[in-house]
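The values are calculated or read from the model by the stated rules, or taken from the named source; none is laboratory data. Owing to the predicted nature of the structure, the values given are computational and were not obtained by experimental measurement. Don't worry about glycine lacking a Cβ; one is built from the backbone with ideal geometry, like all the others, and counts go over all protein chains shown. SASA here: full protein model, heavy atoms, side chains in, ligands and nucleic acids out. Shrake-Rupley method; radii C 1.70, N 1.55, O 1.52, S 1.80 Å.
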Amino acid sequence: MKDIRQILEEKILVLDGAMGTMLQRHKFTEEDFRGERFKDWPTPLQGNNDLLSITQPEAIKEVHKLYFEAGADIVETNTFSGTTIAMADYEMEDLVYELNYQSAKIAKEVADEFTAKEPYKPRFVAGSIGPTNKTASMSPDVNDPGYRAVSFDELKIAYKQQVEALIDGGADILLVETVFDTLNAKAALFAIEEVKDEREIDIPIMVSGTITDASGRTLSGQTAEAFLISVSHIPMLSIGFNCALGANQLTPHLEVLSQKAPFAVSAHPNAGLPNAFGEYDETPEQMATQIKEYLDKSLVNIVGGCCGTTPEHIEAIADLVKDYKPRLVSVAV
């Protein structure tokens with residue numbers, strides 16, 4: 001199979017859309033989340049989407065299939081909360097390896113099916129590594145600003161376990177995404193580099209931050225340029241932004257990355273901003289019109305969708321990008 005780095009020089013790659021949005025359509029009950037295996041589990045499990053890779057694998061497989069059919073080159077594994085830190089909410093820390101391994105395995109099986117059918121368009125699996133629900137550089141207690149709910153070492157150990165399972169399951173890329181605290185991301189990147197050294201492998205790394213509000217900063221206070229500088233000592237395939245904002249609000253921050261990043265640039269925005277009910281109203285056509293600005297300005301190499309996006313959104317994006325050349329990367333990725 002062609003190396004993804006080589007393909008990125010030739011065309012803009014399309015990332016999938018939201019996993020959660022698609023799973024919500026199934027209206028899974030507590031019993032569906034539990035399945036037979038976890039029917040007597042002591043804590044509520046509804047909402048633990050990562051668990052569905054074990055209890056409802058066909059539903060996960062179907063989501064990946066729909067995104068590949070829509071034109072995605074890369075799908076993300078169903079592992080956004082796949083660390084011991086995030087799984088502690090469900091008392092499922094001991095299942096972390098299995099959750100990540102199974103999620104990667106499911107995605108890889110679907111990717112291989114599509115690659116076999118269309119060898120001219122190889123499909124890839126990105127192991128999704130979320131930010132966890134704790135932050136290493138800020139206190140959750142306003143009365144105790146020096147307090148930290150998690151340490152760098154704890155994060156590194158948790159991320160390392162996730163990374164090993166994703167690689168074992170067949171992930172082609174590791175995607176450290178929705179980064180709101182760069183220190184958390186650094187722990188993930190440190191863990192990845194450790195695994196790469198130990199296994200003597202070179203797996204491509206994508207890093208995607210999230211701008212949390214109109215100030216143009218991440219939650220831990222960094223601008224787009226500061227975020228880029230903080231992580232660019234690591235050899236990466238791409239850097240970009242996802243979540244929090246719609247496509248048009250992300251444009252100025254992508255411009256900064258595009259001007260300064262010696263890597264490919266990625267973007268997977270939400271389908272606009274959420275409405276009063278927390279739902280996303282932007283149609284595929286509206287989103288594609290906004291993403292066209294990225295392409296007209298040559299800002300991106302990889303583009304997809306985050307919250308609220310569906311296969312219809314990805315299809316509209318895939319139809320659009322095939323008429324554009326990728327952004328030129330100033331230093332070879």
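Overview of values
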item: Condition met for Pro274 (under 20 Å from Pro204 (Cα atoms), open to solvent by 20 Å² or more (accessible area, probe 1.4 Å), part of a loop (DSSP other than H, G, I, E, B) and in contact (Cβ under 8 Å) with a residue 12 or more places away in the chain); result: no
item: Any hit, segment 86-97, residues being more than 19 Å from Gly308 (Cα to Cα), β-branched (Val, Ile, Thr) and touching a Gly at 6+ places or on another chain (Cβ under 7 Å); result: yes
item: Lone qualifier among Ser266, Ser258 - being among the hydroxyl-bearing types (Ser, Thr, Tyr) and either open to solvent by 20 Å² or more (accessible area, probe 1.4 Å) or on the phi > 0 side of the Ramachandran plot (or both); result: Ser258
item: Segment 21-35, residues that are exposed (fewer than 15 other Cβ atoms within 10 Å of the Cβ) and within 20 Å of Leu95 (Cα to Cα); result: Glu30, Glu31
item: Unique residue being more than 23 Å from Tyr90 (Cα to Cα), of a type in the set (A, V, I, L, M, F, W, C) and more than 19 Å from the chain's Cα centre (by Cα) when the list is Ala171, Ala191, Ala214, Ala136; result: Ala214
item: Selection count where residues are touching a residue at least 12 places away in the same chain (Cβ under 8 Å) and farther than 20 Å from Glu193 by Cα, scope segment 230-260; result: 19
item: Identity of the residue in segment 188-228, in contact (Cβ under 8 Å) with a residue 60 or more places away in the chain and open to solvent by 10 Å² or more (accessible area, probe 1.4 Å), that ends up farthest from Glu154 (Cα to Cα); result: Pro204
item: Elements of type helices (runs of 4 or more DSSP H) in segment 36-118, at least 1 residues being in contact (Cβ under 8 Å) with a residue 24 or more places away in the chain, surrounded by fewer than 22 Cβ atoms within 10 Å (Cβ to Cβ) and among the small types (Gly, Ala, Ser); result: 57-69
item: Any hit, segment 286-300, residues being outside any helix (DSSP H, G or I) and under 21 Å from Ile205 (Cα atoms); result: yes
item: Selected residue (criterion: farthest from the chain's Cα centre (by Cα)) from residues of segment 1-35 that are among the small types (Gly, Ala, Ser) and in a loop (DSSP other than H, G, I, E, B); result: Gly35
item: Test for Ala261: is it of a type in the set (A, V, I, L, M, F, W, C) and in contact with a Cys (Cβ under 8 Å, 6 or more places away or on another chain); result: no
item: Residue match in segment 131-142 (condition: over 25 Å from Ile229 (Cα atoms), surrounded by fewer than 19 Cβ atoms within 10 Å (Cβ to Cβ), modelled with pLDDT of 95 or more and of a type outside the set (Phe, Trp, Tyr)); result: no
item: Single condition Asp73 does not satisfy, out of (1) of a type outside the set (A, V, I, L, M, F, W, C); (2) under 16 Å from the mean Cα position of the chain (by Cα); (3) over 24 Å from Val303 (Cβ atoms); result: (3)
item: Scan of segment 124-138 for residues that are farther than 27 Å from Val75 by Cβ and polar (S, T, N, Q), ordered by number; result: Thr135, Ser137
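Yes/no per residue for (1) of a type in the set (Val, Ile, Thr); (2) within 17 Å of Glu279 (Cβ to Cβ):
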residue: Ile4; (1), (2): yes, no
residue: Gly17; (1), (2): no, yes
residue: Thr29; (1), (2): yes, no
residue: Asp32; (1), (2): no, no
residue: Phe38; (1), (2): no, no
